[in-house]
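**Student:** Handing you a structure now.
Read-outs: derived from the displayed coordinates by stated rules, not from any lab. Note that this is a predicted model, so its numbers are computed, not measured. In this analysis, Cβ positions are derived from the backbone assuming ideal geometry, glycine residues included, and neighbour counts consider all displayed protein chains.
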Amino acid sequence: MIKISAVCGMGLGSGLLVKMGIERVLERNGYGRKDFRVEVADISTARSTSPDIFVTTSEFAKSLREVDAEVITVRNLFDESEIEEALLGVFEQILESKKR
């Protein structure tokens, strides 16, 4: 299972919308809930989590430079096509490496 953290400023409403967007993107591409789990984190607590992938903006990514996870940056956290383009290849690579 791939753990993904949707990181936004406050971790409230916008984070939940990003989480739902990530879930829709992955499900549209044939992945089920057994393949991934998406959590929401605000920028101040994100560093204390341990996902495989962070999805955030370039502004918040600066605070995640030294984490042991892939950091996916998107300009618009609500644009599912942008999320798909940035996330899918990395997600598939990590999923494949976990299957080995």
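**Student:** Among the residues of the stretch 12-58 satisfying the criterion of being closer than 21 Å to Q93 by Cα, of a type in the set (K, R) and surrounded by 13 or more Cβ atoms within 10 Å (Cβ to Cβ), which is farthest from the chain's Cα centre (by Cα)?
**Tutor:** Filtering the stretch 12-58 for residues that are closer than 21 Å to Q93 by Cα, of a type in the set (K, R) and surrounded by 13 or more Cβ atoms within 10 Å (Cβ to Cβ), the one farthest from the chain's Cα centre (by Cα) comes out as R24.
**Student:** If you don't mind, there's one more thing I want to ask. Cβ contacts < 9 Å: first residue free of Cβ contacts under 8 Å to residues at least 40 places away in the same chain, restricted to the stretch 80-100; second residue part of a helix (DSSP H, G or I), any location; separation 6+ or different chain. Result?
**Tutor:** S81/V25
**Student:** Just to be sure I understand the filter: pairs with C-beta atoms under 8 Å, separated by 6 or more residues or on different chains, first member in the stretch 39-55 and without any contact (Cβ under 8 Å) to a residue 60 or more places away in the chain and farther than 17 Å from G21 by Cα, second member assigned to a strand (DSSP E or B) and among the hydrophobic types (A, V, I, L, M, F, W, C). Which pairs pass?
**Tutor:** I43/V7; I43/C8; A46/V7; A46/F54; T49/A41; P51/I4; D52/I2; D52/I4
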